[in-house]
Protein chains: 2
Amino acid sequence: MKARITITLKPGVLDPQGKAIEGALHALGFGGVEGVRQGKFIEVEVAESDPARAREEIERMCKQLLANTIIENYAYELEAA
Amino acid sequence: MKARITITLKPGVLDPQGKAIEGALHALGFGGVEGVRQGKFIEVEVAESDPARAREEIERMCKQLLANTIIENYAYELEAA
C-alpha cells in the first residue's frame with residue numbers, strides 16, 4: 001500500500017520558513033496572503049497489504065522517525081499501490 | 001480561502017532525502033518499505049473568497065515561487081477558511 005504522509009508544525013510553533021515564504025509572496029505582489037506554514041510531505045510504499053496493519057506500521061514510522069511529535073503533527077492517507 | 005499545497009519531485013528526479021529516510025526506516029526495522037519520496041507541504045491563506053480566482057492566484061504562486069516546475073509537480077486543495 002502507498003501512504004501519503006503530511007507533517008505540519010503544531011499551532012503556535014514558530015515557523016521561520018513559512019514566514020520567509022510569506023515575505024517572498026508579498027514581495028512578488030501577492031498582498032492578500034497570510035498564515036503561511038511550511039511542512040513536509042512524504043510518500044512511502046509499504047509491503048503490507050492489510051489496511052489496518054499498514055496503518056499501524058505508518059503510525060510507528062511517524063512516531064519513531066518521520067515526525068517530531070513534540071512540535072509536529074502528522075496525518076496520512078492510505079491507498080492501494 | 002485556505003490552500004493546502006503539496007509539492008513533489010517529478011518521477012525520475014533523484015531524491016537523496018527520500019533515500020536517506022528509506023535507509024533510516026530500514027535500519028529501524030521497517031524492512032518492507034520502499035519508494036520513499038520527500039516533498040514539501042505549504043499551507044496558505046488567501047484573502048480572495050471566490051474559488052476560481054483563489055485557484056488562479058495559487059497557480060501563479062506555485063509557478064512563480066513555490067515549485068520549481070522543471071523538476072517538481074504541485075497540487076493543491078482549497079477550502080473555505
Practice item. Can you work out which of the residues in the stretch A:2-60 that are at positive phi and within 11 Å of chain B (Cβ to nearest Cβ) is surrounded by the fewest Cβ atoms within 10 Å (Cβ to Cβ)? Key: A:Gly29
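Out of all the residues in the stretch B:61-70, which are out of contact with any strand residue (DSSP E or B) (no Cβ under 9 Å at 6 or more places or on another chain) and either modelled with pLDDT under 95 or surrounded by 14 or more Cβ atoms within 10 Å (Cβ to Cβ) (or both)?
Within the stretch B:61-70, B:Gln64, B:Leu65 qualify.
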Check your understanding: Name the pairs: first residue in the stretch A:63-74 and within 19 Å of A:Val44 (Cα to Cα), second residue in a loop (DSSP other than H, G, I, E, B), Cβ to Cβ under 7 Å, at least 6 apart or on different chains?
Key -> A:Lys63/A:Thr69; A:Gln64/B:Leu28; A:Leu65/B:Leu28; A:Glu72/A:Lys10; A:Asn73/A:Lys10; A:Tyr74/A:Ala67
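Looking at the stretch B:32-42, which of its residues are more than 10 Å from the chain's Cα centre (by Cα) and at pLDDT 95 or above?
Here is the first cut: in the stretch B:32-42, the residues more than 10 Å from the chain's Cα centre (by Cα) are B:32-37.
B:Val33, B:Glu34, B:Gly35, B:Val36, B:Arg37 - these are the residues of the stretch B:32-42 that are more than 10 Å from the chain's Cα centre (by Cα) and at pLDDT 95 or above.
The values are calculated or read from the model by the stated rules, or taken from the named source; none is laboratory data. No experiment lies behind these values; they were computed from the predicted model shown. Positions of Cβ are generated from backbone atoms using ideal geometry, with glycine treated the same way; all protein chains shown enter the neighbour counts.
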